[in-house]
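Everything below concerns the one structure shown next.
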Amino acid sequence: MIRLGKSSLPLDLMTYRHEDEQPGVFLLQEDARQAMLAVFNWSERSNSHEFSFSDLALQPDHHYHVLDVFKPEEQPRFNSTGLQIEKLPVHSVELFKILDDSIPAQPPSVVAQVPTNGKVSQDLLFTAAAPDRPVPAIAYHWDFGDGVITDHRDACLYPCRQLCGSSSSRGSRRPLLRKGLPSDHQWFDGHPRTEALSR
């Protein structure tokens, strides 16, 4: 959620109950297939919540399953009518992952910009980016094949393969430059192989 760099939407900003004391229900739509729901209890007593499909912006004709992030061994009360949360403890939070099984998982569309050739002692910049839609990228991993790796979006050096993990980050630029090439390095023409990892 943090890597995604998006803000969650308070669902009860103007409609929270008196006993809730303040807004405590937040929904983050990470992509078309996955959303995260956080439900807080700020009060001094346990409380319960019920959310319909429309409350959570879910499609009534889609098939979903819900996972409890903090208690994965427990099965949330989720059915065709919505999600029920009972007896949320005092000063606590529940976090749920909502997956739309009607939409197949897919990798992000990563665009890599790499030089086609290079020279000894020349700085070479590699960049990668992915659009927010339909599937953003949350992590980038560059492997240069000789033990040099970096997880920045932008990197420098020589031919590598780039791995990208989804339910991702946006394509902002933060160069990580490494000065020069090893004197014994043999550059080969062509682009590094690019792969994407789905979640």
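Considering only protein heavy atoms and a 1.4 Å probe, what is the carbon-and-sulfur percentage of the accessible area of region 34-99? Mind showing how you got there, number by number?
Numbers: 2000 of 3790 Å².
In region 34-99, the share of accessible area belonging to carbon and sulfur is 53 percent.
At 0.36 nm per residue, minus the direct Cα-Cα distance, what do residue 148 and residue 53 gain on full extension? Give it in nm, one decimal, please. Intermediate results must be reported in sequence, preceding the final value.
Values: separation 95, 0.36 × 95 = 34.20 nm, distance 4.73 nm.
Extra length from residue 148 to residue 53 when fully extended: 29.5 nm.
Counting only aspartates and glutamates at least 8 places from residue 6 when in the same chain, those with an alpha carbon closer than 17 Å to its own are 30, 31, 132. In a DSSP loop and with at most 12 other Cβ atoms within 10 Å, the GluC sites (Glu not before Pro) in region 63-118 are 73, 74.
Amide H contacts of residue 135 (H built 1.01 Å from N, in plane; Pro and chain starts excluded): 109 sit under 5 Å, all sequence-distant by 5 or more or on other chains.
With every protein chain left in place, what is the accessible area per residue of region 16-155 in square angstrom, probe 1.4 Å?
Accessible area per residue: 54 Å².
Judged by the ratio a/c of the largest to the smallest principal axis of the C-alpha gyration tensor, region 1-119 counts as prolate, that ratio being 1.5 or greater while a/b is larger than b/c. When you filter the trypsin sites (Lys or Arg not before Pro) in region 16-91 for DSSP loop state and at most 14 other Cβ atoms inside 10 Å of their Cβ, you are left with 17, 45.
The values are calculated or read from the model by the stated rules, or taken from the named source; none is laboratory data. Quantities reported herein were computed from a predicted structural model and do not represent experimental measurements. All Cβ positions, even for glycine, are placed from backbone atoms using ideal geometry, and neighbour counts span all protein chains on display. For the accessible areas, the whole protein counts, side chains as well, though only heavy atoms, and no ligand, DNA or RNA atoms are used. Shrake-Rupley method; radii C 1.70, N 1.55, O 1.52, S 1.80 Å.
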